[in-house]
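The values are calculated or read from the model by the stated rules, or taken from the named source; none is laboratory data. Predicted, not measured: the structure shown is a model, and the values here were computed from it. All Cβ positions, even for glycine, are placed from backbone atoms using ideal geometry, and neighbour counts span all protein chains on display.
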Amino acid sequence: MGTMWEVLWHQSGTPTRLVRWEQEMRVRIFGVNLATHKQHTLKALADVATEAGIRLVDVSDQPNAAQVANVSIEITPDSMLEENQPCVTFLNFQNETRIDSAAMQMRNRDAWRCAYHEAMHIMGVRGHPAGKTVLSYFPSKVDGLMPLDRVMLRAWYSPKMRGGMTPFEVLPVLADELVASMADKDKAQLARDRFFRNTIDHMQSFADGKGDVPVIVKRSGKSTEEGIRFGRMEMSYFLGVAYLEGATVPQDSTQAVRWLQRAANLGSRTAQARLGAATAR
């Protein structure tokens, strides 16, 4: 359950909204040593796209590939990129809801171990959790998806999800998919409810300026003061929405107004807009 929560955090220290593909993925793979890397990279993309139910088309050999592709993957020389980030993915979207295009770079010598990790990012799953997933900075497997990766992708692209959902709207859907995969569902549901309560407590402390980001985010070494400061504002807004909508917590209009007001005071325009809806209830 902790992995499901950690995956919703950007490594800078900011919790994220759900973004995903709502169109076919047209992939162009180019760069150095393609004979070694192309098929493995395509297999990684095909595996994640299949779990998500998104159509994948390889356009690499088309003469206009650069123009028609919405997923560009470059295998770079080993002299490019940084030692502490030999593979990187960028998601492009107008707003934090639907992915318009994506670009991935992987160094030649790191491409094989990076392919599945970056393929998960391509699908919109941006975090680096500590659990048994290819997204971990310390994975036990790199050449294929783990069961938890498949659970995440199925939930991420479930009809219950929609682009732009906040972490507390996303978390119950992720948790339900995880519970459904467990042998002892009653025990799993109790663990889920306990996890929800503890997470809300921790995040209220974080939003209030007292608590901290998940430990794995700090361990990444890439969190920033600015990212965490922005994360506290965003988390205040997310808590307000959670209490307003009854997502992860029971509905509570008083708490909703409290957290939305805090987010608005910290500069969140979205929170200012939602305050009207909260006070009207």
Single residue of L171, L190, L178 found to be modelled with pLDDT under 95 and assigned to a helix (DSSP H, G or I): L178
Hits in region 64-84 - residues which are of a type in the set (S, T, N, Q) and in a strand (DSSP E or B): S72, T76
Top-ranked residue of region 208-218 - restricted to ones that are part of a loop (DSSP other than H, G, I, E, B) and of a type outside the set (A, V, I, L, M), ranked as surrounded by the fewest Cβ atoms within 10 Å (Cβ to Cβ): K210
Members of region 211-261 that are farther than 24 Å from D176 by Cα, among the hydroxyl-bearing types (S, T, Y) and touching a residue at least 24 places away in the same chain (Cβ under 8 Å): S220, S223, T224, S236, S253
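Hey, can you tell me all the residues within region 37-77 that are among the small types (G, A, S) and touching a Lys or Arg at 6+ places or on another chain (Cβ under 8 Å)?
The answer is A49, A52, S60, A65, A66, A69, S72.
Each row is one residue, and each column tells you yes or no for (1) in contact with a Phe, Trp or Tyr (Cβ under 6 Å, 6 or more places away or on another chain); (2) over 22 Å from M25 (Cα atoms).
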| site | (1), (2) |
| --- | --- |
| T50 | no, no |
| Q62 | no, no |
| A69 | no, no |
| E83 | no, yes |
| P86 | no, yes |
| F93 | no, no |
| I122 | no, no |
| G127 | yes, no |
| K141 | no, yes |
Complete set of residues in region 142-189 that are of a type in the set (D, E, K, R) and within 30 Å of L42 (Cβ to Cβ): D143, D149, R150, R154, K160, R162, E177
The lone exception for S205 - which of (1) modelled with pLDDT of 95 or more; (2) small (G, A, S); (3) not in a helix (DSSP H, G or I) it fails: (3)
Considering residues of region 12-30 that are touching a Ser or Thr at 6+ places or on another chain (Cβ under 6 Å) and assigned to a strand (DSSP E or B) only, the residue surrounded by the most Cβ atoms within 10 Å (Cβ to Cβ): I29
Qualifying position, being touching a Leu at 6+ places or on another chain (Cβ under 6 Å) and under 15 Å from A102 (Cβ atoms), among A69, A52: A52
Options R197, R219: the member that is within 19 Å of the chain's Cα centre (by Cα) and of a type in the set (D, E, K, R): R219
Check on P214, at pLDDT below 95 and either closer than 22 Å to L153 by Cβ or in contact with a helix residue (DSSP H, G or I) (Cβ under 6 Å, 6 or more places away or on another chain) (or both): yes
Residues (surrounded by fewer than 21 Cβ atoms within 10 Å (Cβ to Cβ), part of a strand (DSSP E or B) and in contact with a helix residue (DSSP H, G or I) (Cβ under 6 Å, 6 or more places away or on another chain)) located in region 85-140: C87, T89
Cβ pairs under 8 Å, 6+ apart, first in region 40-63 and outside any helix (DSSP H, G or I), second among the acidic types (D, E): I54/E24; R55/E24; L56/E24; V57/E24
Qualifying helices (runs of 4 or more DSSP H) (wholly inside region 219-281; at least 1 residues being touching a Pro at 6+ places or on another chain (Cβ under 8 Å)): 225-245
Qualifying residue in region 61-70 (condition: modelled with pLDDT under 95 and surrounded by fewer than 22 Cβ atoms within 10 Å (Cβ to Cβ)): no
In region 118-170, residue farthest from M182 (Cα to Cα) [restricted to those that are within 10 Å of the chain's Cα centre (by Cα) and of a type in the set (G, A, S)]: G124
